[in-house]
Amino acid sequence: MSTTARSDHPAPPDTTTLPDSTALPDSTALRAERDVPLIDSEASAPASQPLADSAIPASATETSGWTSRLIRVGSVVAAIGVWQLLTANDVRAGLRFDTLPTVTEIVAEFGEHLGAGQYYLDVAQSLIRIVTGFGLAAVVGVAAGIGLGRSRLLADVFGPLAELVRPIPAIALVPVAILLFPSDESGIVFITFTASLFPVLVSTRHATRALPTIWEDAVRTLGASRREVLTRVVVPGILPGVFSGLSVGMGVAWICLISAEMISGRLGIGYRTWQSYTIVDYPAVFVGMITIGVLGFLTSGIVELAGRRATRWLPREVSA
């Protein structure tokens, strides 16, 4: 009998010769790669995090704003400097700058006007007329624009009449205003009202017709009344178009107001500017022109500011 014990079980495999991962079959390797998630720094970032927050610092936006303001002021200063250079040197290069007053003469004349009470009375009178005429045009124009845009009957009755009157320049209605109204003041306000009415009316009408009908259908399915549709859908939806018309109407109102004051006024910036021209006081003429420009700029800025405040819910473009 042999003394060596024979085992019926096979010997355990040598652990030092385990196969490397590269020796795995192809299917196993592909399955292993599929089960391991890939981690990407860009893909792992939250999708809701806007990249622009970190890309555009607040200081860059502030710097861009100050740069824009400096450019605007610089353009005005440059224009004044060119005017002084051409008029002080009596330049004649196709245009006769030697007949125009210099900047220093206009500034001296402006100082005299600022010290006189008549200047402030004229400014106040023109502002009263523009506020009255433009305010009435804003109310009537918006209401008429909504009515013409939403009612087929109103559009058929008043639409042709509005289109016939709209091309007539408001200043051409001065004889009608003189014959129709008992006082010159009422006639000037009527001219201002007519001039600013149609830009507001047409812009409001187009904005009303451009509203998507699905907005009104959606609120009606929720049980909204016609009044709620008007106040919650129509009016907010047309605000951008309304303020575009108001901005244009303000500029046209100033043009026609000054023209009406020159023709039939007794007070106001337009009347005083024309009087200065008739007595050949050209520095005073330019004082009136500058005053008109400043008042128009301020009133248009008020309309623009009111429009931005009323449409704060609209998305704004980010300037580069």
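Counted by neighbouring Cβ atoms within 10 Å, the residues R205, R309 run from fewest to most as R309, R205. Here each label is just a point 7 Å from Cα along the line to Cβ, and for T132 and L314 those points are 3.2 nm apart. Note that the range 267-282 has calculated 3J(HN,Hα) couplings of 9, x, 5, x, 4, 5, 5, 5, 4, 5, 5, 5, 9, 6, 9, 5 Hz, one per residue in order, obtained from phi through the Karplus relation 6.51 cos²θ - 1.76 cosθ + 1.60 (θ = phi - 60°); glycine and proline are x.
Label the range 208-291 by shape, choosing from rounded, prolate and oblate, from the square roots a ≥ b ≥ c of the eigenvalues of the Cα gyration tensor; if a/c is under 1.5 it is rounded, and otherwise prolate applies when a/b is larger than b/c, oblate when it is not. Prolate, since a/c reaches 1.5 and a/b exceeds b/c. With R₀ fixed at 45 Å, the C-beta to C-beta distance from A143 to Q118 puts the FRET efficiency at about 0.75.
The order of W254, W83, going from fewest to most other C-beta atoms within 10 Å of their C-beta, is W83, W254. When the P(r) of the range 101-310 is calculated, the portion above 32 Å amounts to 29% of the C-alpha pairs.
Any read-out appearing in this document is the output of simple, stated calculations on the displayed coordinates, not a laboratory observation. Keep in mind it's a predicted model, so treat the numbers as computed, not measured. Here Cβ is always computed from backbone atoms with ideal geometry, including for glycine, and neighbour counts include all displayed protein chains.
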